[in-house]
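What follows is a single structure, written as structure tokens, with notes after it.
The values are calculated or read from the model by the stated rules, or taken from the named source; none is laboratory data. All values reported here derive from a predicted model rather than from experimental measurement. Here Cβ is always computed from backbone atoms with ideal geometry, including for glycine, and neighbour counts include all displayed protein chains. Accessible surface is based on the protein model in full, side chains and every heavy atom, while ligands, DNA and RNA are left aside. Shrake-Rupley method; radii C 1.70, N 1.55, O 1.52, S 1.80 Å.
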Amino acid sequence: MSSAEESKPLLASLVQSGEAQTEAVAINDFIFMAQDISNAYLVRTDDGDVLVNTGFMDNAARTKALLAPARRGKLRTIVLTQAHPDHYGGVPAFLEAGTKIAAGQGFVETCRFYKDLMPFSMPRSRKLWGGTIKRPANPIPPPIVQPDILVDRYFAFGQGGRRFELIATPGGETLDAIVVWMPNERVVFTGNLFGPVFLSMPNLCTIRGDKPRSVVRYLESLDRVRNLGAELLITGHGGPIRGAAQIRADLDRMFAAVSYVNEATIAGMNEGRDVHTLMREITLPDDLKIGEFHGKVSWAVRTIWGEYAGWFHYDSTTSLYGVPRGSVNADLADLAGGVSRLAERAMRHVDAGRPLQALHLLDIALGAEPGHANALAVKKAALEQLLAASGGSNLSETMWLRSEIEALGQSPWPYLSTGTA
């Protein structure tokens, strides 16, 4: 394995893990996994099959072929844990006569939300995911899916001697999220309730743009799942988590970690500290640390603040109006003695290991003169410093910094530079 592959963000490895898969993975004697951007799971019963999620539309034929050898009867039910295309995109390829589709209340509305905002959101998603998820030049659009069963809070059905309970968990990656609980077998399918990487900080509001997820609902949903007493927990990405004790310990750890961030944010707000101070200062104690592969503690702080207090931070009157700070870039550059002076001062910050302070100055400099060569060079140096300091573990952070550097003429992450979005 190349050094670039070894340093790849974990989430990138997970969404690419199925590229080399040649046969379905048998999780046990009745559950089989096809790895895709998000995994699809076949559950066999004595009266046909159940499918939990279908994978992405681009790879539907491959996902179907992987699961075909494990099939034992008609596909009676498809359960969709959330309204993201990597979970439901393959529905048309799997549908058979009589197949019922079950999803959470709000599934159709959530799909419509993404469709209505596609011109806005697609360029943003492409910037973050374009080098990780390989897509053709004219990608297949998400299918229109109309579920037969919409789960408000709870819905149960039996099939072929097995019982399936669908439980609403609106604190997941979408507000329509559900989990699938098989009480007799002690198996729970959680989709991306806990994010795409298990045992990590939830991404309560993605930087690509999305409906914010409530930390209160997330904790309620997590608590609902941990009280099930599952012995096998199957997520949307990666392998399953086995053993009741291990699952309980992991869920307890996530609950405690997110609760800590929530409570620390509330305490800081009540003490009068601003959101940026809290983003810098709130960290998890060692005994509560969990991964930051998709979400981050600092991003959670900012989202929690917004959930409780909204968008106005009582920091500047200008926030109430539609004239941005950038409207005075030229004035600030002139007062500083020109863009070159700002670039020189920004470079001092870079040399002192303060890349963020440098970028603040460079926003002014390049706002006044977008093509200034020295300012662009210093910006590249500041971004490279941030990228090195990040450790490359959080995919969105890594890909944002990488794409910003690439726009300046260099791609620092060759393992993610292939393919089109």
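Do you know the relative contact order of the chain, to the nearest whole percent, from alpha carbon pairs under 8 angstrom that are 6+ apart? Spell out each step's value before the answer.
Details: 781 pairs, mean separation 61.9, N = 421.
Value for the chain: 15 percent.
Between ASP47 and residues 5 or more places away or on another chain, which pairs have amide H atoms under 5 Å apart, with H built 1.01 Å from N, and which residues are they?
Long-range HN contacts for ASP47: GLY160.
Would you mind pulling out the separation of the Cα centroids of the stretch 123-144 and the stretch 195-248, in Å?
If you average the Cα positions of each part, the centres end up 25 Å apart.
Which far-off residues, 5 or more places away or on another chain, put their amide H under 5 Å from the one on GLY291, with H placed in the peptide plane?
Result for GLY291 returns SER200, MET201.
With a/c under 1.5 counting as rounded, go ahead and sort the stretch 17-136 into rounded, prolate or oblate using the C-alpha gyration tensor (a ≥ b ≥ c being the square roots of the eigenvalues; past the cut-off, prolate if a/b is larger than b/c, else oblate). Display every interim value, and only then the final one.
Numbers: a/c = 2.57, a/b = 1.44, b/c = 1.79.
Verdict is oblate for the stretch 17-136.
Could you go through the stretch 247-252 in sequence order and give the Karplus-derived ³J(HN,Hα) for each residue, using 6.51 cos²θ - 1.76 cosθ + 1.60 with θ = phi - 60°, rounded to whole Hz, and x for Gly and Pro?
4, 4, 5, 5, 5, 4
Per residue of the stretch 386-399, what does 6.51 cos²θ - 1.76 cosθ + 1.60 with θ = phi - 60° give for ³J(HN,Hα)? Whole Hz please, x for Gly and Pro, Karplus curve as stated.
Values, residue by residue: 5, 4, 5, 5, 5, x, x, 8, 8, 5, 5, 4, 4, 6 Hz.
For the stretch 225-306, run through the trypsin sites (Lys or Arg not before Pro) and keep only the ones in DSSP coil with at most 16 other Cβ atoms within 10 Å of their Cβ. All intermediate terms of the calculation are to be shown ahead of the outcome.
Details: sites: ARG226, ARG242, ARG248, ARG253, ARG273, ARG280, LYS289, LYS296, ARG302; in loops: ARG273, LYS289, LYS296.
Listed in order of number, the matching sites are ARG273, LYS289.
Whose amide H sits under 5 Å from the amide H of LYS100, counting only residues 5 or more places off or on another chain, with H placed in the peptide plane?
Residues meeting the criterion, in which the H sits 1.01 Å from N, are THR77, ILE78.
So for the chain: antiparallel DSSP bridges make up what percent, rounded to the nearest 5? Walk me through the intermediate numbers first.
On the way: 26 of 42 bridges.
So the antiparallel bridges amount to about 60 percent of the total.
Report the one residue of VAL91, TYR154, ASN138 whose Cα lies farthest in the direction of the positive end of the charge dipole of the stretch 64-161 (charges on C-beta: Lys and Arg +1, Asp and Glu -1; origin at the Cα centre).
ASN138
Kirkwood-based Rg over Rh for the stretch 302-421 (C-alpha set), two decimals? Spell out each step's value before the answer.
Numbers: Rg = 16.6 Å, Rh = 16.2 Å.
With Rg and the Kirkwood Rh in hand, the quotient comes to 1.03.
Would you work out what percent of the accessible area of the chain, with all protein chains in place, is carbon or sulfur (probe 1.4 Å)? Write down the numbers at each step before the final one.
Numbers: 10270 of 19230 Å².
Roughly 53 percent, rounded to a whole number.
Could you give the accessible area per residue of the chain, probe 1.4 Å, as a whole number in Å²? Intermediate results must be reported in sequence, preceding the final value.
Working: 19230 Å² over 421 residues.
Averaged over the residues of the chain, the accessible area is 46 Å².
What's the magnitude of the charge dipole for the stretch 132-231 around its Cα centre, counting Lys and Arg as +1 and Asp and Glu as -1 at the beta-carbon? Answer in Debye, nearest 20. Can you show the working numbers first?
Numbers: 12 positive and 10 negative charges, 52 e Å.
The dipole of the stretch 132-231 has a size of about 260 debye.
Pop out the ³J(HN,Hα) list for the stretch 287-300 in order, Karplus 6.51 cos²θ - 1.76 cosθ + 1.60 with θ = phi - 60°, rounded to Hz; leave Gly and Pro as x.
My calculation for the stretch 287-300 gives 6, 10, 5, 10, x, 10, 8, 10, x, 9, 4, 5, 5, 5 Hz in order.
Exposed loop sites here are chymotrypsin sites (Phe, Trp or Tyr not before Pro) in DSSP loop states with at most 15 other C-beta atoms within 10 Å. What is the longest stretch of the chain lacking them? If you can, show how the numbers build up before the last one.
Details: sites that count: TRP311, PHE312, TYR314, TYR321.
Result for the longest clean stretch: 1-310.
Expressed as an acute angle from 0 to 90° and rounded to the nearest 10, what is the orientation of the C-alpha long axis of helix 118-129 relative to the principal long axis of the chain?
Taking Cα atoms only, the helix is inclined about 80 degrees.
Evaluate the relative contact order of the stretch 78-151 (contact order divided by residue number), counting alpha-carbon pairs under 8 angstrom at least 6 apart; express in whole percent. Before the final figure, lay out each step's value.
Working: 56 pairs, mean separation 34.7, N = 74.
Relative contact order here is 47 percent.
For the chain, take the alpha-carbon Rg, divide it by the Kirkwood Rh, and send me Rg/Rh. Please report the intermediate quantities before stating the final value.
Working: Rg = 23.3 Å, Rh = 23.2 Å.
With Rg and the Kirkwood Rh in hand, the quotient comes to 1.00.
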